[in-house]
């Protein structure tokens, strides 16, 4: 059954539909629905140490791949990295987990991190709230919230 639901979720994300007797079969799992909801291009301001806007950061989520790119004030790409993501729900909380970071542009290009990461997140309209420092493993990390605005959904 789990394999069937995974197949239905993947087919939904790829635009393929399943029909039986003129009715759609199966419903998305909460995790598959969450994955569908985060797809697309997101953007936020990049700020300097004084809190001034110094550029922008984009987050492109395409399937289970997230690519984050940092741009300077002139719009030039400074750094970009890619991860594979996993979305889960536990106790009413949404968790955004990611694989080791692979740097694909900038001074660290070609380097891979040796640790996975994650944070709590919330979607509200065209806003994506990335909440850091609340997970048990983040006890040493300060509490922080990044707010992303949806620029475009994936086609």
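Number of residues in segment 57-67 that are assigned to a strand (DSSP E or B), surrounded by fewer than 18 Cβ atoms within 10 Å (Cβ to Cβ) and without any contact (Cβ under 8 Å) to a residue 60 or more places away in the chain: the value is 2. The residues listed here are 97, 118; of these, the one that is closer than 17 Å to residue 31 by Cα, buried (at least 16 other Cβ atoms within 10 Å of the Cβ), in contact with a strand residue (DSSP E or B) (Cβ under 9 Å, 6 or more places away or on another chain) and without any contact (Cβ under 8 Å) to a residue 40 or more places away in the chain is 118.
Would you say residue 132 is surrounded by 15 or more Cβ atoms within 10 Å (Cβ to Cβ) and at pLDDT below 95? Taking the combined requirement at face value, the residue satisfies it. Taking the criterion of being out of contact with any strand residue (DSSP E or B) (no Cβ under 7 Å at 6 or more places or on another chain) and assigned to a helix (DSSP H, G or I), the residues of segment 121-154 that qualify are 136, 137.
Within the group 34, 74, which residue is part of a loop (DSSP other than H, G, I, E, B) and more than 25 Å from residue 112 (Cα to Cα)? Checking each option against the conditions leaves just 74. Scanning segment 39-56 for residues that are in contact (Cβ under 8 Å) with a residue 60 or more places away in the chain and either more than 17 Å from the chain's Cα centre (by Cα) or over 14 Å from residue 154 (Cβ atoms) (or both) gives 43, 44.
The values are calculated or read from the model by the stated rules, or taken from the named source; none is laboratory data. It should be emphasised that the depicted structure is a prediction, and the values quoted were computed from it without experimental measurement. No Cβ is skipped: glycine too gets one built from the backbone with ideal geometry, and neighbour counts run over all protein chains shown.
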